[in-house]
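The values are calculated or read from the model by the stated rules, or taken from the named source; none is laboratory data. Owing to the predicted nature of the structure, the values given are computational and were not obtained by experimental measurement. Because the Cβ atoms are built from the backbone with ideal geometry, glycine has one as well, and the counts that use them run over all protein chains shown.
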Amino acid sequence: MLARMAAGAEPDTELVARCRAGETAAWNELVDRFARYVQAISTQGFRLAEPDAEDVFQEVFTRVYTTWTAFGQTNRAGRGSRS
């Protein structure tokens, strides 16, 4: 599910490209953009207690970050390739 963009906000695809290029500001923006969704799914969808929801939040964004780091740039077909 993609986050709904605010007026004038950068599209998700461009934000992700900047994250993958190593821009810290882009990563912070991505986390801010999707944090609400991850939190809502954890607490409302799965009915997790707050401490467990915080663990899920950290795990989700840690996995995203490490996956991008491990697989490097994505080719046009969307498949990761080792750098």
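Annotation note: Cβ proximity below 7 Å between a residue of region 8-29 that is closer than 18 Å to T66 by Cα and a residue that is at pLDDT below 90 (sequence gap 6+ or interchain) occurs for C19/W68; R20/W68; R20/Q73. Could you tell me which residue of region 15-32 is modelled with the highest pLDDT, considering only residues that are surrounded by 11 or more Cβ atoms within 10 Å (Cβ to Cβ) and acidic (D, E)? Taking the candidates together, the pick is E29. Scan region 65-72 and give yes if some residue there is of a type in the set (G, A, S), modelled with pLDDT of 90 or more and either surrounded by 10 or more Cβ atoms within 10 Å (Cβ to Cβ) or in a helix (DSSP H, G or I) (or both), otherwise no. There is no residue in region 65-72 that is of a type in the set (G, A, S), modelled with pLDDT of 90 or more and either surrounded by 10 or more Cβ atoms within 10 Å (Cβ to Cβ) or in a helix (DSSP H, G or I) (or both).
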